[in-house]
Amino acid sequence: MTSGDPAAAPPTAQKQPDGPGWRVEDGARKLACHVGIGRPVIGEALVASDDFSARYDLDRIQGVFSRPSHALAGQSYVDRILVLNTAKGGVASAWMLHEMASRALAPRAMLVGFLATMLSASIVGLVVPRL
């Protein structure tokens, strides 16, 4: 039986990466992107087309996505690379990320299509040196 669903492909078939920057290497999907702020990282990624707000989407005590309607609800973001559409927020979100990093409950890295200006400025000053 044949299906158009890539998840139903035979075990020997590899699912093609999604979009520019993605490649399959040694059986793993890998993403290479432009140089950002901070050190290069390698790790497991959480990927979703949702937007992201540290203040409203994360439980900083439990280390999980807490907004029920978020695509990653219930999943741990700790030590993961977050790949999301947009990161919203400002100083409060940056403070939360800084506080999570101080307790080893922060993401390993964040890769977003658009980062709010105030949040990016706050992250540079507060979070990046600790990650």
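A Cβ distance below 7 Å, combined with a sequence gap of six or more or placement on separate chains, defines the contacts here; from region 106-130, residues that are at pLDDT 85 or above reach residues that are of a type in the set (D, E, K, R) and not in a strand (DSSP E or B) in the pairs PRO107/ARG80; ARG108/ASP79; ARG108/ARG80. Here's a check for you: in region 33-66, which residue that is touching a Leu at 6+ places or on another chain (Cβ under 9 Å) and of a type in the set (D, E, K, R) is farthest from ILE123 (Cα to Cα)? Here the residue is ASP50.
The residues of region 83-99 that are within 10 Å of the chain's Cα centre (by Cα) and surrounded by fewer than 20 Cβ atoms within 10 Å (Cβ to Cβ), listed by number, are VAL83, ASN85.
Within region 55-64, is there a residue that is at pLDDT 85 or above, over 23 Å from HIS98 (Cβ atoms) and outside any strand (DSSP E or B)?
Pass one, region 55-64, residues at pLDDT 85 or above: 55-64.
In the following step, the residues that additionally are over 23 Å from HIS98 (Cβ atoms) were identified as none.
Within region 55-64, not a single residue is at pLDDT 85 or above, over 23 Å from HIS98 (Cβ atoms) and outside any strand (DSSP E or B).
Could you please let me know if PRO68 is in a loop (DSSP other than H, G, I, E, B) and loosely packed, with under 14 Cβ neighbours inside 10 Å? It is true that PRO68 is in a loop (DSSP other than H, G, I, E, B) and loosely packed, with under 14 Cβ neighbours inside 10 Å. Within region 15-36, being at pLDDT below 75 and part of a loop (DSSP other than H, G, I, E, B) holds for LYS15, GLN16, PRO17, ASP18, GLY19, PRO20, GLY21, ALA32, CYS33, HIS34, VAL35, GLY36. Within region 83-98, residues that are closer than 17 Å to GLY63 by Cβ have Cβ atoms under 7 Å from residues that are of a type in the set (Gly, Ala, Ser) in these pairs: LEU84/ALA48; SER93/SER53; SER93/ALA54; MET96/ALA54; LEU97/ALA54; LEU97/ALA106, counting only partners at least 6 apart in sequence or on another chain.
Please specify each residue of region 71-108 satisfying the condition of being part of a loop (DSSP other than H, G, I, E, B) and either under 17 Å from GLY38 (Cβ atoms) or β-branched (Val, Ile, Thr) (or both). Let's see the steps before the verdict.
Start the filter on region 71-108 by keeping residues that are part of a loop (DSSP other than H, G, I, E, B), which leaves 71-75, 77-80, 89-90, 103-108.
Result: TYR77, VAL78, ASP79, ARG80, ALA104, ALA106, PRO107, ARG108.
Across region 71-86, not a single residue is classified as in contact with a His (Cβ under 9 Å, 6 or more places away or on another chain) and either modelled with pLDDT under 85 or of a type in the set (D, E, K, R) (or both).
The values are calculated or read from the model by the stated rules, or taken from the named source; none is laboratory data. Keep in mind that this is a model prediction, so the values were computed, not measured. Positions of Cβ are backbone-derived with ideal geometry, glycine not excepted, and every protein chain shown enters the neighbour counts.
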